[in-house]
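Novice: Before we start, here is the structure in question, set down as structure tokens.
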Amino acid sequence: MDAPLKLLSEEHRNMALLLDALDQQIDVFAACGTPDYELILGAVDYFVHCPDRCIHPREGEIAAWLLAARRVEAAVTDELSNEHRALSESARRLRHLLDELLGDTDIARDTVVDAARSFIDLERKHLRWEEDNLFAPAARALGAAEWRELEKRFGQAPEVAIAASFRAFRERLLAWSAEDAQAAASASP
């Protein structure tokens, strides 16, 4: 696996960790507890902004190379675009519901919980789909020259600076989640 794919695989692992942290906080909220709203909002904001700016364009570029090399069918690239669009809409919908909730709008707890769980499930399925239908074929099909060209393109892309700022933000969110988990473990008898 070459550098661009390693970077995307690392992003997927980190996204999975954020989904786990978000899922834990939604469980607290669903049980009528008080979740860490800052962590929830930060995780959702990450998913609203970062993938479309930093991750999805790179995945699209890999898909385009695979399509040009006839290693995947056009249906795979269409599915990739459709899933990215659905994920973006789901994340924005969840963010809107959270804004309503925190803005003291009368909104049912179940509405927020269902939207959050739907988003989390959709994102997890999508990550698995990409691993199977994009990353695995790319690892098999693209040669060293293609990976070097992709790496060069990724390094020159304007989203590199954006990705770095989101990476730092994501690390803060993961640290908060670990602190929350540690505090919960310490409070348990």
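The values are calculated or read from the model by the stated rules, or taken from the named source; none is laboratory data. Quick caveat: nothing in here was measured; it's all calculated off a predicted structure. Note: ideal-geometry Cβ built from the backbone for every residue, glycine included; neighbour counts use all protein chains shown. Keep in mind that these areas ignore ligands, DNA and RNA; they rest on the heavy atoms of the full protein, side chains included. Shrake-Rupley method; radii C 1.70, N 1.55, O 1.52, S 1.80 Å.
Novice: Can you tell me the orientation of helix 159-187 relative to the chain, as the angle in degrees between its alpha-carbon axis and the longest Cα principal axis, to the nearest 10?
Specialist: 40
Novice: What do you reckon, how do His96, His49, His84 stack up by accessible area (1.4 Å probe), largest on top?
Specialist: Greatest to least solvent exposure: His96, His49, His84.
Novice: With each label point set 7 Å from Cα along the Cα-Cβ vector, what nm distance links Asp78 and Ala31?
Specialist: 4.5
Novice: Using only helices, what value at 222 nm comes out for the chain when you add -39,500 (n - 2.57) per DSSP H run of length 4 or more and divide by the total residues, to the nearest 500 deg cm²/dmol?
Specialist: Calculated from helices alone, the mean residue ellipticity at 222 nm is -28000 deg cm²/dmol.
Novice: Also, I was wondering about something else. Take the Cβ-Cβ distance between Ala86 and Glu10 as r, set R0 to 30 Å, and report the resulting FRET efficiency rounded to the nearest 0.05.
Specialist: Result of the calculation: an efficiency of 0.80.
Novice: Turning to a different aspect of this structure: Mean-square fluctuation check for the chain, GNM, Cα pairs under 10 Å: which of Asp23, Asp104, Asp114 is largest?
Specialist: Ranking Asp23, Asp104, Asp114 by mean-square fluctuation puts Asp104 first.
Novice: While we're looking at this one, here's another question. Tell me which of Ile26, Ser9, Ala69 sits at the most positive position along the dipole axis of region 1-105, charges placed on C-beta atoms (Lys, Arg +1; Asp, Glu -1).
Specialist: Ala69
Novice: If I stretch the segment between Ala178 and Asp114 completely, what's the gain in nm (0.36 nm per residue apart, minus their alpha carbon distance), one decimal?
Specialist: Working it through step by step, the gained length comes to 20.6 nm.
Novice: Of the trypsin sites (Lys or Arg not before Pro) in region 43-138, which ones lie in a loop per DSSP and count no more than 16 other C-beta atoms within 10 Å?
Specialist: Qualifying residues, ordered by number: Arg70, Arg71.
Novice: In sequence order, what are the phi-derived ³J(HN,Hα) couplings for region 51-63 according to the Karplus relation 6.51 cos²θ - 1.76 cosθ + 1.60 with θ = phi - 60°, rounded to whole Hz, with x for glycine and proline?
Specialist: With coefficients 6.51, -1.76 and 1.60, one gets x, 5, 8, 10, 10, 4, x, 5, 5, x, 5, 5, 4 Hz.
Novice: Oh, and also: Of Cys54, Cys32, which has the most accessible area and how do the rest follow, probe 1.4 Å?
Specialist: Per-residue accessible area, sorted high to low, gives Cys32, Cys54.
Novice: Right, next: How big is the charge dipole of region 8-106 about its Cα centre, in debye rounded to the nearest 20, if each Lys and Arg gets +1 on its Cβ and each Asp and Glu gets -1 on its Cβ?
Specialist: Computed about the Cα centre, the dipole is about 480 debye.
Novice: What Kirkwood Rh does region 17-69 have if only Cα atoms enter the pairwise 1/r average? Answer in Å.
Specialist: The answer is 12.9 Å.
Novice: Tell me the angle of helix 3-30 to the major Cα principal axis of the chain, expressed in degrees between 0 and 90 and rounded to the nearest ten.
Specialist: For 3-30 against the chain, the angle is about 20 degrees.
Novice: Quick one: putting +1 on the C-beta of Lys and Arg, -1 on the C-beta of Asp and Glu, what dipole do you get for the chain around its Cα centre, in Debye to the nearest 20?
Specialist: Computed about the Cα centre, the dipole is about 680 debye.
Novice: Mind checking the full-extension length gain between Glu149 and Asp20? Use 0.36 nm per residue of separation minus the Cα-Cα distance, one decimal, nm.
Specialist: My answer for the length gained is 43.0 nm.
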